[in-house]
Amino acid sequence: MLATEETEAADMLRHYDCGLVTSFTAEQIAAGMRLLLTEPDLHQRFRSNALHHSAHLDWRVLLSREKQLIESKLQVLSDVDSRARALSRGHGCNSKKMVSSEQTFSLTAREANL
């Protein structure tokens, strides 16, 4: 695989050591392509690393992880909201004793690691 500088693809190639990164010039891109075609060991290393890491970079895997993270954060927020309402009910209608929205948000953010 070959990517040009200052792209997300270049960052990934470097991070996972699975391809070459070149300047965005025809000469550099051609040189990178020649290198990949004439250096079988380099090509094999990049190929092996790409196959190994591709299992972790599958959209289904990534989206499943994101969904789990969002659901866990939402559960924490829901739990904190329920506790805040219970505390407010326990203190009656006196607004001075009720949990303020700022306190609830502070507690929510801290527990949700936001």
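The values are calculated or read from the model by the stated rules, or taken from the named source; none is laboratory data. Please read all numbers here as calculations on a predicted model, not as lab measurements. Every residue, glycine among them, receives a Cβ derived from its backbone with ideal geometry; neighbour counts consider all protein chains shown.
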The conditions are (1) part of a helix (DSSP H, G or I); (2) surrounded by 14 or more Cβ atoms within 10 Å (Cβ to Cβ), and residue 18 fails exactly one of them. Which is it?
(1)
Could we say that residue 55 is among the aliphatic types (A, V, I, L, M) and in contact with a Ser or Thr (Cβ under 8 Å, 6 or more places away or on another chain) here?
no
Would you check which residues across segment 46-63 are in a helix (DSSP H, G or I), surrounded by 11 or more Cβ atoms within 10 Å (Cβ to Cβ) and at pLDDT below 90 and list them?
53, 54, 61, 62
Restricting to segment 39-79, give me the number of residues that are more than 24 Å from residue 11 (Cβ to Cβ) and of a type in the set (Ser, Thr, Tyr).
2
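Residues to consider are 82, 88; find the one that is small (Gly, Ala, Ser), surrounded by 12 or more Cβ atoms within 10 Å (Cβ to Cβ) and over 29 Å from residue 14 (Cα atoms).
Result: 88 is the single residue among 82, 88 that is small (Gly, Ala, Ser), surrounded by 12 or more Cβ atoms within 10 Å (Cβ to Cβ) and over 29 Å from residue 14 (Cα atoms).
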Enumeration of residues in segment 23-45 that are of a type outside the set (S, T, N, Q), part of a helix (DSSP H, G or I) and under 20 Å from residue 7 (Cα atoms)
26, 27, 29, 30, 31, 32, 33, 36
Search segment 66-90 for residues that are over 29 Å from residue 56 (Cα atoms) and pair each with any residue that is assigned to a helix (DSSP H, G or I) and among the acidic types (Asp, Glu) when their beta-carbon atoms are under 9 Å apart and the residues are at least 6 apart or on different chains.
79/111; 80/111
Assuming residue 32 fulfils every condition listed in (1) surrounded by 11 or more Cβ atoms within 10 Å (Cβ to Cβ); (2) modelled with pLDDT under 95 apart from one, which condition is it?
(2)
